[in-house]
Amino acid sequence: DVSLTGNLDTYRWSSRTVDPSKVHGFEDKERFLERLLLRKESKNGFKAFAIVGMTGVGKTTLCQLIFDNKKVRDHFLPRIWVCLSKQADDDEDNRKETVKRMLICLGVDLIIQEAGKDPNLGLQKLMFALRLHEETLGP
């Protein structure tokens, strides 16, 4: 929520779970995203897409459904839920903040603690830490 002055009054934090029995009307969208995610990758293997819309239309709910989808769950490992809602103590660099949150979700809090002590710990070092953690998980 944003006040009339533009200040953040409250911070929303989403969870990765939703009760599918309470969600209706997303079946087609979920199937479409499932097919999109499970489709054979391009040569570099990276896939990104955006889900956009006005507040309250169900973007987070759709993401929760696809995150918990059995076929998607079985295909991707590890899977992490990273909430990108703005917080009061966010890093000014959005890319750096996103990588920090990914590391926290992976349980690599020590690197984030070190980042607080070292103002020179930049995005490249955080990305390197994320890559190292990915390699330890294996294919």
Is it the case that residue 52 is in a loop (DSSP other than H, G, I, E, B) and modelled with pLDDT of 85 or more?
yes
Helices (runs of 4 or more DSSP H) within segment 55-139 that include 1 or more residues at pLDDT 80 or above, within 20 Å of residue 38 (Cα to Cα) and open to solvent by less than 40 Å² (accessible area, probe 1.4 Å):
59-67, 70-75
Taking the stated definitions as given, is residue 31 open to solvent by 90 Å² or more (accessible area, probe 1.4 Å), at pLDDT 90 or above and more than 25 Å from residue 105 (Cα to Cα)?
yes
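The values are calculated or read from the model by the stated rules, or taken from the named source; none is laboratory data. What you are looking at is a predicted structure, and each value in this text was computed from that prediction instead of being measured. Note: accessible area is taken over every heavy atom of the protein model, side chains too, but ligands, DNA and RNA are not part of it. Shrake-Rupley method; radii C 1.70, N 1.55, O 1.52, S 1.80 Å.
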